[in-house]
1. What whole-number distance in Å separates the alpha-carbon centres of the stretch 75-111 and the stretch 181-201?
2. Based on the alpha-carbon gyration tensor of the stretch 126-196 and its eigenvalue square roots a ≥ b ≥ c, which shape applies: rounded if a/c is under 1.5, prolate if not and a/b is larger than b/c, or oblate?
3. Farthest toward the dipole's positive end in the chain, which of Leu181, Pro199, Ala105, given Cβ charges of +1 (Lys, Arg) and -1 (Asp, Glu) about the Cα centre?
4. Within 12 Å, Cβ to Cβ, of Thr183, how many net charges do the neighbouring residues add up to if Lys/Arg are +1 and Asp/Glu are -1?
5. Past the 33 angstrom mark, what percentage of all C-alpha to C-alpha distances in the chain do you count?
6. If you take every residue apart from Arg210 with its C-beta less than 10 Å away from the C-beta of Arg210, what net charge results, scoring Lys and Arg +1 and Asp and Glu -1?
7. Counting helices only, and only those DSSP H runs with n ≥ 4, report the 222 nm mean residue ellipticity of the chain as the sum of -39,500 (n - 2.57) divided by its residues, in deg cm²/dmol to the nearest 500.
8. Which pairs, out of Lys43/Lys63; Lys21/Lys207; Lys21/Lys153, put more than 18 Å between their alpha-carbon atoms?
Amino acid sequence: MILRFLLACLLSLGFARAEEKRIAVFVGLCDNATQGIVKVGAKIGDGSKPDDNLYWGCSDGLKSYFKASRRWKLEKRETATGDERILERLTFRHVSAKAVLVAEAWRGSNLKECYVASEKAMLSGENQLVAFIGHNVLMDTAIEPPAEKAAGKTDAIVLCCISGRYFRERLEQAGVRPVLLTTQLMYPGSFILHDALEPWLAGKDHKALRTAAGAAYARNQKIKTAAATRVFAELAP
């Protein structure tokens with residue numbers, strides 16, 4: 001009886017884990033020295049110091065914003081990642097949905113490798129959603145589109161300037177479904193990802209993600225919601 005009970009528990013745990021949505025987030029740290037960006041303050045633009053970085057440690061950066069969230073709880077923090085390019089890795093779990101989010105802070109000088117890693121994660125079939133946040137690396141350097149096709153159904157969010165023009169075709173041709181892209185120069189604060197994840201977790205379509213992203217961007221930038229929503233691309237189903 002005890003053996004059967006333990007077996008049932010293990011099977012139940014495995015089933016619960018199988019239902020869990022996995023979200024992978026790759027953050028290329030802002031780096032004045034190596035990226036073709038409008039220069040920011042030296043402290044927040046040092047791509048080797050995640051704690052102060054614009055895209056990670058600042059109030060709108062992923063680490064700070066998600067740690068302050070009531071929707072996500074920090075479960076694990078790693079600074080010894082085994083890869084010198086990855087300066088920190090955080091694991092968050094959603095408070096109500098069955099979802100785990102693993103975010104990595106990549107050294108700013110390794111932006112190209114960061115994006116390539118995000119694309120591999122999109123194609124792996126191991127994640128239901130993969131997001132890339134940072135500078136538009138394709139503005140600085142060419143990266144060959146992936147030769148292989150996605151192993152499973154994966155959604156993608158690319159938060160950088162004009163990501164729709166640069167990334168949409170390559171992702172769709174690889175069998176990845178973009179659900180949130182941008183149309184113009186913009187600030188990829190993690191409040192956008194945070195708010196867009198709620199409709200995504202609820203199974204809503206790209207229109208709902210665009211609406212949520214636009215509302216979040218309007219609040220942060222103190223602009224009208226209609227103008228903020230136009231920052232994000234209209235995507236086909």
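Every read-out reported here was derived from the displayed coordinates using simple, explicitly stated rules and does not represent laboratory data. Because the structure is predicted, anything quoted here is derived from the model rather than measured. Note that each Cβ is placed from the backbone with ideal geometry, even for glycine, and that neighbours are counted across all protein chains shown.
1. 18 Å
2. oblate
3. Pro199
4. Here the charged neighbours net out to +3.
5. Cα-Cα pairs of the chain separated by over 33 Å account for 15 percent.
6. Overall, the nearby charge balance is 0.
7. -10500 deg cm²/dmol
8. Lys21/Lys207
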